[in-house]
Amino acid sequence: MENLSTVFENPVSNATGAATDGVAVNAYGQGQCSGVTYTVPAHGDIKVDFKLKLQCVTPENVKALDQLIRGMLTASYQKKYDQLTKESKSGGYGFFLFFSAGGGKTSYSQTTHTMESYGLDRAQQTKIIDAMIKMANQWNTFSYKGEVSNTEYDYSVSGSLFAIVMDATIQKGEQHTQLRFLGPNVHLKGNDGTSSLPSTGKLY
């Protein structure tokens, strides 16, 4: 996955693909919660509780989009969609991998093809696009309360918390909306670049 520098920064990128109503993903990857650094002792865990001011779509709205899309799918496609949610790269919701084609940049035509391949007609696609456009990028407070566990290593691990970030351009007619979406699942990535510690709790 692409490594995004920090979840604080706004994306600066141009939309790609054909000029049509739809969704284009400009960047997708792990975003670091800047300023959130912890040390977890060997075979131990720590309790984490913090709040961040971020210019991202709220977790409640991301969840609503995820449920909107899933609710439009037939039973067989819901199972396929649910498989996306189970992957670590999903950030907690199939919504992310659905639009990023498994975790990467996508054009308007690619995401339109994905929606069509899941049986979504044009009216349903428009409903999804309209719902996304309504979610203006505003500064919102994100909270996290949980534990980070270091059961696998016999040494302490220091690092920062990371979450899945997706930057997208939503186009409807002449209107272009830049949005940043943040997944609810977080994990601590060690400063050594290899250690990755699981956590309980989600961003909310």
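Things to note:
- Carbon plus sulfur fraction of accessible area for region 71-132, probe 1.4 Å, in percent: 52 percent
- Of all aspartates and glutamates in the structure, the ones whose alpha carbon falls short of 13 Å from that of K105, not counting any fewer than 8 places away in one chain, are E2, D167.
- Mean-position separation - Cα centroids, region 63-87 and region 127-204, in angstrom: 19 Å
- Derived scalar couplings between HN and Hα for region 61-70 equal 6, 5, 4, 5, 5, 4, 5, 4, 5, 4 Hz in order, rounded to whole Hz, by the Karplus curve 6.51 cos²θ - 1.76 cosθ + 1.60 (θ = phi - 60°), x for Gly and Pro.
- Taking every DSSP helix (H) stretch of at least 4 residues in the chain, weighting each as -39,500 (n - 2.57) and dividing the sum by the residue count yields a mean residue ellipticity at 222 nm of -8000 deg cm²/dmol.
- Of the residues D130, D154, D82, the one that moves most in a GNM of the chain with alpha-carbon contacts below 10 Å is D154.
- Relative packing of peptides 139-152, 172-185 - highest average C-beta neighbours within 10 Å first: 172-185, 139-152
- Computed over the chain, relative contact order equals 34 percent, with contacts defined as Cα pairs under 8 Å that lie 6+ residues apart.
- Stretchable slack from K47 to D192, in nm (0.36 nm times residue separation minus alpha-carbon distance): 50.0 nm
- Long-range lysine pairs (8 or more apart or interchain), region 120-204, Cα under 18 Å: 5
The values are calculated or read from the model by the stated rules, or taken from the named source; none is laboratory data. Since the structure is predicted, the reported quantities are computational estimates derived from the model, not experimental observations. We place every Cβ from the backbone using ideal geometry, glycine too, and count neighbours over all the protein chains shown. Only protein heavy atoms, including side chains, enter the accessible area calculation; ligands, DNA and RNA are left aside. Shrake-Rupley method; radii C 1.70, N 1.55, O 1.52, S 1.80 Å.
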